[in-house]
Amino acid sequence: MDFNLHIDRTRTASYKWDNREAIFGTEDVLPMWVADMDFQAPPAVIRAIRERVEHGVFGYTYPSPAYYESIINWMRTRHNWSIEQEWIKLCPGVVPALSLIVEEFTEPGDQVMIQTPVYPPFYHVVESHGRELVRNPLLEQDGRYSMDFEDMENKMSGGKVKLLILCSPHNPVGRVWTKQELQQLAEVCAKWNVLVVSDEIHADLVFEPGSHIPFASLSEDAAQRSIICTAPSKTFNIAGLNTANMVIPNEELRAKFSQALEKHALGAATPLGLAAAEAAYREGAEWLDALLVHVRGNMDYVRDFCQQHLPEVKAWRPEGTYLLWMDFRALGLEGKELSTFLIAEAKLGLNNGDSFGTDGNGFMRMNLGCTRATVEEAMRRLEAAVRATTILNEK
């Protein structure tokens, strides 16, 4: 569990490291963008995969009772949420599941609400199916975001919003929604008969133990009008194994989702993905706890560095995720201009804030699931670029 051990990821067809030319127009950037950590998976996961590989046969497979048990136990012990095996439906990933849900549970012309700035695929899965996207922008004050319930209810009152995609914890702003916030959301959605699809892929990556509350655990009504999207992929850095689990307490919703899986032939599982996920949920807690300490340390380092050396850049510590939402608005740069500055002058590859929505202009998302040395190098580069630009502007 040495999270400061450098692992060379180049020449492994890494989308994060080996695709820099295609993404940023140059290989000469430090990539700290896509939500993919630079750490090896937990030892138990590597061991489980190795044992499965040594067996040597990789035929068709299915989730075993032990697989389901590992998920049920994890949700109970980590999130105080009791779920049943029949509620769990396997899918290759959360984004494919969101696409299926939008297609299956809404009709062309229906409205789907998202809370911006938010994970870019939320836009795509709505608009690609010909549904009307409705933005419910988060309110930002001094770096802390909150839900705008007045705007939400006003837009739902027309009766056309059929589905709300909740990001919990929120990517990119790092909020872990409180029970009170989630209960108010549930009440509004119940009032206007809106289905809640809660993307909880970052649920395990919270810095206050037990702070994440699964939406379906709020009440029986919330459980019956929601689909909870989970996966071990972000938590244990195994996204490439394409294994996710949708938790759907409502029998009718579950049946419709199963039909969508069958229609698109997406219900199959891979032997390595199942082995890795089960091992992660059974034996990964200690590794995860250590990871969170390391990531929180990285967050504190960047925040303190900005306060001491780069007051023009604001970095508030998130409540969850290993993704830092950074405010560059004081530099007077937005959109492509800001991105170009960071790539050309700071040699940093971050996520453009405006890719999360227009309310992300002037922001960037930095991935801190990396070694401390990487973080220190990134901040050295950023400080040098800002100072050089400041000197040029003064001249």
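Nothing in this text is a laboratory measurement; each read-out follows from the coordinates by a stated rule. What you see is a predicted model; the values in this text were computed from it and never measured. Because the Cβ atoms are built from the backbone with ideal geometry, glycine has one as well, and the counts that use them run over all protein chains shown.
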Exercise. Could you put 119, 301, 60 in order, starting from the residue whose Cβ has the fewest other Cβ atoms within 10 Å?
Worked result: 60, 301, 119
Problem set entry | Estimated inter-spin distance, residue 160 and residue 220, nm [label 7 Å along Cα→Cβ] | 3.5
Seminar exercise, completed: Listed by chain and number, the residues whose amide H is under 5 Å from that of residue 61, excluding neighbours fewer than 5 places away on the same chain and using placed H, are 269
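To the nearest 20 debye, what is the magnitude of the charge dipole of the range 1-122 about its Cα centre, counting +1 on the Cβ of each Lys and Arg and -1 on the Cβ of each Asp and Glu?
420
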For this session: Multiply the residue gap between residue 337 and residue 4 by 0.36 nm, knock off their C-alpha separation, and tell me the result in nm, one decimal place.
Result: 116.6 nm
Seminar exercise, completed: What the 5 Å binned alpha carbon P(r) of the range 38-100 shows, as percent of pairs per bin from 0, is 3, 12, 15, 20, 25, 18, 7, 1
Exercise. Among rounded, prolate and oblate, which fits the chain when a ≥ b ≥ c are the square roots of the eigenvalues of its C-alpha gyration tensor, a/c under 1.5 means rounded, and a/b larger than b/c means prolate?
Worked result: oblate
Exercise. So, with +1 on the Cβ of K and R and -1 on the Cβ of D and E, and no other charges, what is the size of the charge dipole of the range 1-67 about its Cα centre, to the nearest 20 debye?
Worked result: 280
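Determine, for each peptide in 278-289, 320-331, 120-131, the mean count of other beta carbons within 10 angstrom over its residues, then list the peptides with the highest first.
Most protected by this proxy first, the peptides run 320-331, 278-289, 120-131.
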Problem set entry | Those lysines that a straight Cα-Cα span of less than 24 Å connects to residue 160, excepting residues fewer than 8 apart in one chain | 191, 256
For this session: Let me have the relative contact order for the chain, percent, based on Cα pairs under 8 Å that are six or more residues apart.
Result: 23
For this session: Measure out, as a whole number of angstrom, how far apart the alpha-carbon centroids of the range 104-120 and the range 191-214 sit.
Result: 17
Problem set entry | Cα-projected label distance for residue 262 with residue 58, points at 7 Å along beta-carbon direction, nm | 2.9
Seminar exercise, completed: Magnitude of the Cβ-charge dipole (Lys and Arg +1, Asp and Glu -1) of the chain about the Cα centre, nearest 20 debye, reported as 380
For this session: Give the peptides 97-103, 358-364, 227-233 in descending order of average Cβ contacts within 10 Å, highest first.
Result: 227-233, 97-103, 358-364
Exercise. Tell me, what HN-Hα J-couplings in whole Hz come from the Karplus equation 6.51 cos²θ - 1.76 cosθ + 1.60 at θ = phi - 60° for each residue of the range 129-142, using x for Gly and Pro?
Worked result: 9, x, 8, 8, 7, 10, 8, 10, x, 5, 8, 10, 9, 6
For this session: Determine the calculated [θ] at 222 nm for the chain from helices alone, applying -39500 (n - 2.57) to every DSSP H run no shorter than 4 residues and normalising by the residue count; nearest 500 deg cm²/dmol.
Result: -13000 deg cm²/dmol
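Pull out a ≥ b ≥ c, the square roots of the eigenvalues of the alpha-carbon gyration tensor of the range 298-395, then state rounded if a/c is under 1.5, prolate if not and a/b is larger than b/c, and oblate in the remaining case.
Because a/c hits 1.5 or more and a/b fails to exceed b/c, the range 298-395 counts as oblate.
How do 169-178, 368-377 rank on mean C-beta neighbours within 10 Å, highest first?
Top to bottom by mean Cβ count within 10 Å: 169-178, 368-377.
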Problem set entry | For residue 166, distant residues with modelled amide H under 5 Å away | 197, 198, 199
Seminar exercise, completed: Fewest-first ordering of 179, 160 by Cβ atoms within 10 Å yields 179, 160
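Here are some pairs, 16/347; 89/263; 234/314; which of them have Cα atoms lying more than 20 Å apart in this structure?
From the list (16/347; 89/263; 234/314), the Cα-Cα distance tops 20 Å for 234/314.
When a/c is below 1.5 the answer is rounded, else prolate if a/b is larger than b/c, else oblate, so apply that to the range 56-146 with a ≥ b ≥ c taken from the square roots of the Cα gyration tensor eigenvalues.
oblate
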